[in-house]
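Written below as structure tokens is the structure these notes are about.
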Amino acid sequence: MGKLPRYLFGWLFCDSCFWLRRSLLGITFLGLSVTLSGRFYWEPTLKVGTIVTKDIIVPRDITIEDPEATYAAKQKAQQKALPVYKVDEDASLRSRQQLEQLFLAGDKIRELAGGMPYLTVEGLSLEHQQLLRRISDAEWQVVQKEALLSSAPTKPLAQVLQQIHRKSPQQFQAIVTQTDRVRRSYKKALEELRANPLYTTIWLDTSDPEWELDKYKARESLEQLLAEGIVPGLPPELIERRWQSLPLLPQDKERQRVVLNLLRQVATPNLVLDYNAMALQAIQAADSIGPQLVSLKAGQVLILAGQKITSRDFIFLDQLGLARRRPNLARIALVMIMVGIGLAGFALVLSAPRSQNLKNRDLAVFALTAWGIALTTILVPAPYLMFIPYASLGFILGSFYGARLATATTLLLTLPLLVSLPGSLLSYLPLLAGGIAAAMITDRPQARSHLARMGLVIGVLQGGVYALLVLSTGGVVPVTILLTSLKFAAGGVVSSMIALGAIPYLEQIAYTLTPIRLAELANLDRPLLRRLVNEAPGTFQHTLFVANLAEAGARALGADTDLVRTGTLYHDVGKTLHPEFFIENQMGCPNPHDRLDDPWRSAQIIKEHVTGGIKLAQKYHLPEILQAFIPEHQGTIVISYFYHKAKNLNPAIEESDFRYDGPAPQSRETGIVMLADACEAALRSLGTESDLEKAQAMVMRIFQARWDDGQLQNSGLTWADLEILAPVFIQVWQQRNHGRIKYPDLAKKLDPTGSAIPETKFPLVTMEK
């Protein structure tokens with residue numbers, strides 16, 4: 001994306017054109033003024049709420065749509081739309097599973113009671129066996145006694161058993177024994193039945209084939225109910241009528257009652273409202289309603305004198321051309337004045353001491369962001385004003401330029417907004433509070449997740465401010481307060497989402513980079529940095545130490561530490577073109593400058609690490625703010641070693657031939673990197689044995705040399721800043737070059753960490769170029 005912004009906005013890249021900066025301010029003034037005063041260009045004199053002083057007469061016959069009647073008709077059509085249901089498959093599945101669980105429980109109880117019939121004896125029917133299980137113990141004793149002793153038993157069961165006894169006493173005894181066992185099991189089964197009122201004795205008395213048939217009919221009946229759908233909220237009598245009309249119910253009333261009890265237990269509603277289909281049906285119903293027309297006759301009194309104009313009246317007036325529309329020059333002028341005051345205040349903020357040195361491209365970001373917010377205030381309809389992303393202004397500008405400038409810009413834009421927005425101030429105060437708060441808490445965040453979290457915070461703030469304001473004034477029902485507060489809260493989240501989406505595109509226009517983008521560019525897996533690591537490892541180690549020095553210095557001076565660290569990582573990428581000509585990459589190999597023996601050519605190669613570095617940065621689409629570190633960290637200093645070597649050969653040489661092309665540092669950040677780069681090699685040469693005074697003296701000599709040479713003249717650094725930097729650099733050097741405890745007697749047996757050195761001698765590894 002690096003080439004596209006330059007192609008579209010190439011005219012913004014001329015930061016030396018003062019007329020261009022003024023043109024940007026003028027364009028911003030016109031854009032904001034035209035946008036914010038748009039509703040005043042053709043404003044009606046007769047508005048909603050105006051009290052007319054005389055009767056307003058319809059000038060001609062006309063048929064006009066009555067929007068209120070049309071709206072009412074559409075609403076009525078939507079209300080008449082029938083509810084639409086869809087099957088809840090989860091509810092259907094739960095009903096099937098519950099039925100199977102009831103069957104499983106019934107099977108266990110039947111198994112406990114014993115199957116039916118439990119005897120296969122001729123003459124002893126299923127009914128007789130069922131009766132034998134159910135009668136009391138006393139009755140069972142009487143039946144046995146009559147069957148054995150009575151010549152004419154009175155009980156039918158005794159008669160049947162007496163006949164079996166006469167045929168086979170052994171069979172009779174087997175029946176008694178089996179019946180006693182079954183009766184004991186039956187009693188246990190009855191206890192289980194009493195624990196669950198759903199089950200009845202018919203479960204135990206039904207034969208196995210009948211029981212399987214009843215289960216089949218219950219399953220099929222449930223499937224029929226679920227397929228037809230069970231609507232929630234039906235009256236009980238309708239539900240019962242539906243149960244009774246099922247075609248697969250058993251004919252036997254007792255068994256039918258069992259199946260119905262099971263179905264009542266498991267057949268819960270499986271239809272839920274299909275809100276999407278209902279909404280579509282409601283929309284179709286409303287769309288089917290045409291405009292409701294009203295006929296007005298010439299001479300008819302439309303509005304009586306002394307009455308207020310309603311919204312319906314205003315529509316009629318506007319269509320009849322009686323609203324008296326004309327430009328509201330006073331309000332247009334007021335908007336322009338407020339915009340002018342805001343831009344003047346913005347200029348004062350930028351001219352304050354220690355203010356950021358914004359480029360034209362940065363001004364373009366301010367203009368685009370402010371104009372975008374102004375445009376949304378005009379485009380968003382009044383019912384949805386809570387979704388105006390005013391907080392996006394603070395999120396975006398705070399991410400690029402910090403909380404101070406973002407807050408000032410947000411406050412200054414508030415002035416023209418207040419005089420241009422329709423409605424009451426109460427409606428916009430939550431948005432203004434959210435916008436100002438967003439600017440104050442967004443101070444160049446390090447991660448995009450910060451904006452997402454802050455969107456939630458601003459949403460809660462906007463919703464809370466609205467609720468407090470409405471509760472203090474009264475007159476609004478609680479439900480409306482809650483719903484509108486939620487909308488304001490959603491507006492805060494929408495603002496952060498818009499900011500997150502807009503920032504990557506604005507980064508292609510802005511000169512300043514967000515810390516998030518700087519962190520991405522500082523990733524060592526970036527192609528250009530990976531090339532530095534692989535092709536010039538010594539330079540990379542030098543770069544890391546310079547970055548540590550520069551970052552600590554920037555932190556001490558309150559400069560942009562993220563920019564300093566990322567810029568330092570790229571300041572020497574040009575050395576990858578000829579890495580062997582720089583001492584940190586030679587690693588004991590012969591110095592190619594000695595073979596060259598030409599100070600002019602050597603100086604040219606050294607200078608090429610700047611010019612070549614700029615070309616590499618452009619090739620890899622490095623942002624310009626980072627490209628500035630490549631020439632400015634050397635400024636226009638003299639390549640002293642080769643200059644003096646050349647001067648010994650030719651005293652008449654020009655010093656300018658051995659100076660870097662520059663420019664000298666144009667910002668505090670590049671100035672800090674220049675000083676850190678110069679101090680790194682000097683401090684590294686001192687080793688760990690040097691005392692603190694020697695290091696301090698060396699650092700101050702370097703600072704003095706750069707100061708006297710005019711390298712820091714345009715950087716914004718003062719001598720007081722240099723006095724702060726010196727001890728910081730010394731402290732970082734001390735932390736890196738701390739000494740270690742020596743062990744004289746064990747020096748040959750231990751390595752510097754104290755670990756034993758093995759006595760085995762390893763072959764010496766030599767490094768060849």
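The values are calculated or read from the model by the stated rules, or taken from the named source; none is laboratory data. Predicted, not measured: the structure shown is a model, and the values here were computed from it. Virtual Cβ from ideal backbone geometry, glycine too; neighbours counted across all protein chains shown. Accessible surface areas use protein heavy atoms only, side chains included; no ligands, DNA or RNA. Shrake-Rupley method; radii C 1.70, N 1.55, O 1.52, S 1.80 Å.
The H on the amide N of Tyr85, modeled in the peptide plane, is under 5 Å from the matching H of Asp274, each at least 5 residues off or on a different chain.
Using the structure shown, select from Lys47/Lys297; Lys47/Lys76; Lys47/Lys80; Lys359/Lys694 the pairs with a Cα to Cα distance greater than 31 angstrom. The answer is Lys47/Lys80; Lys359/Lys694.
Within the chain, the longest run free of GluC sites (Glu not before Pro) that sit in a DSSP loop with at most 15 other Cβ atoms within 10 Å is 123-653. Note on segment 47-89: with neighbouring protein chains present and a 1.4 Å probe, carbon and sulfur make up 54 percent of its accessible heavy-atom surface.
On full extension, the segment bounded by Leu482 and Met587 gains 30.7 nm, given 0.36 nm per residue less the C-alpha separation. For the chain, the dipole from Cβ point charges (+1 on Lys and Arg, -1 on Asp and Glu) about the Cα centre works out to 1400 debye, to the nearest 20.
Here the accessible area of segment 558-700 is 51 percent carbon and sulfur, with a 1.4 angstrom probe and all protein chains present. Note on Thr636 and Arg453: with the Förster distance fixed at 35 Å, the Cβ-Cβ geometry gives a FRET efficiency of about 0.15.
For Ile637, the amide hydrogen comes within under 5 Å of the amide hydrogens of Tyr660, counting only partners 5 or more places away or on other chains and with H modelled in the peptide plane. In sequence order, segment 336-344 has phi-based couplings of 5, 5, 5, 5, x, 4, x, 5, 5 Hz under the Karplus curve 6.51 cos²θ - 1.76 cosθ + 1.60, θ = phi - 60°, and Gly or Pro positions carry x. Dividing the convex hull volume of the alpha carbon atoms of segment 59-156 by its residue count gives 271 Å³ per residue.
A straight Cα-to-Cα reach below 22 Å connects Lys108 with the lysines Lys187, Lys188, Lys215, Lys217, residues fewer than 8 places away in its own chain not being considered.
Between Ser288 and His621, the simple spin-label model (points 7 angstrom out along Cα→Cβ) gives 5.5 nm.
Treating each Cα of segment 172-273 as one equal point scatterer and applying the Debye formula with no solvent, the log10 of I(q)/I(0) at q = 0.14, 0.22 Å⁻¹ comes out as -0.65, -1.17. The portion of the accessible surface of segment 292-403 made up by carbon and sulfur, rounded to a whole percent, is 65 (1.4 Å probe; DNA, RNA and ligands excluded).
Dividing the C-alpha radius of gyration of segment 436-552 by 2.2 N^0.38 Å, with N its residue count, gives 1.63.
Solvent exposure of segment 627-680 amounts to 39 Å² per residue of accessible area, where only protein heavy atoms count and the probe is 1.4 Å.
What residues from segment 172-189 fall in the zone where the backbone N is under 19 Å from a label point 7 Å along the Cα-to-C-beta line of Thr120? Answer for this model: 172-179, 182.
Between the C-alpha center of segment 382-397 and that of segment 599-649 there is a gap of 47 Å.
The slack between Gln98 and Tyr216, meaning 0.36 nm per residue of separation minus the straight C-alpha distance, is 41.0 nm. Would you work out if the chain is rounded, prolate or oblate? Take a ≥ b ≥ c from the square roots of the eigenvalues of the alpha-carbon gyration tensor; rounded if a/c is under 1.5, else prolate when a/b is larger than b/c, oblate otherwise. Here the chain falls in the oblate category. Rolling a 1.4 Å probe over the protein heavy atoms gives segment 322-445 an accessible area of 39 Å² per residue. Computed from backbone phi, the HN-Hα couplings of segment 463-475 come to x, x, 4, 4, 4, 5, 5, 5, 5, 6, 8, x, x Hz, rounded to whole numbers (Karplus: 6.51 cos²θ - 1.76 cosθ + 1.60, θ = phi - 60°; Gly and Pro given as x). If the segment from Arg531 to Ala69 were pulled out straight at 0.36 nm per residue, it would be longer than the present Cα-Cα gap by 159.1 nm. Backbone geometry of segment 296-308 corresponds, through the Karplus equation with coefficients 6.51, -1.76 and 1.60 at θ = phi - 60°, to 3J(HN,Hα) couplings of 10, 9, 4, x, 6, 7, 7, 9, 7, 4, x, 8, 7 Hz, x marking Gly and Pro. For Val294, the residues whose amide H sits under 5 Å from its own are Ile64, Glu65, Asp66, ignoring neighbours fewer than 5 places away on the same chain, with H placed 1.01 Å from N. The Rg/Rh ratio of segment 515-644, with Rg taken over Cα atoms and Rh as the Kirkwood radius over Cα pairs, comes to 0.98.
Here the simple spin-label model places points 7 Å from the Cα toward Cβ, and for Thr611 and Gln159 these points are separated by 13.2 nm.
FRET efficiency for the Thr177 to Asp274 pair, using the beta carbon distance and R₀ = 56 Å, is estimated at 0.30.
Contact order, relative form, for segment 406-513: 28 percent (alpha carbon pairs under 8 Å, 6 or more residues apart, mean separation divided by residue count).
When the helices of the chain are scored as -39500 (n - 2.57) per DSSP H run of n ≥ 4 and the total is divided over every residue, the value at 222 nm lands at -20500 deg cm²/dmol. In this structure, Ile57 and Arg22 have a Cβ-Cβ separation that, at R0 = 56 Å, corresponds to a calculated FRET efficiency of about 0.55. Computed with a 1.4 Å probe over protein heavy atoms only, the accessible surface of segment 525-575 comes to 31 Å² per residue.
For segment 567-665, the relative contact order comes to 32 percent (Cα pairs under 8 Å, sequence separation of at least 6).
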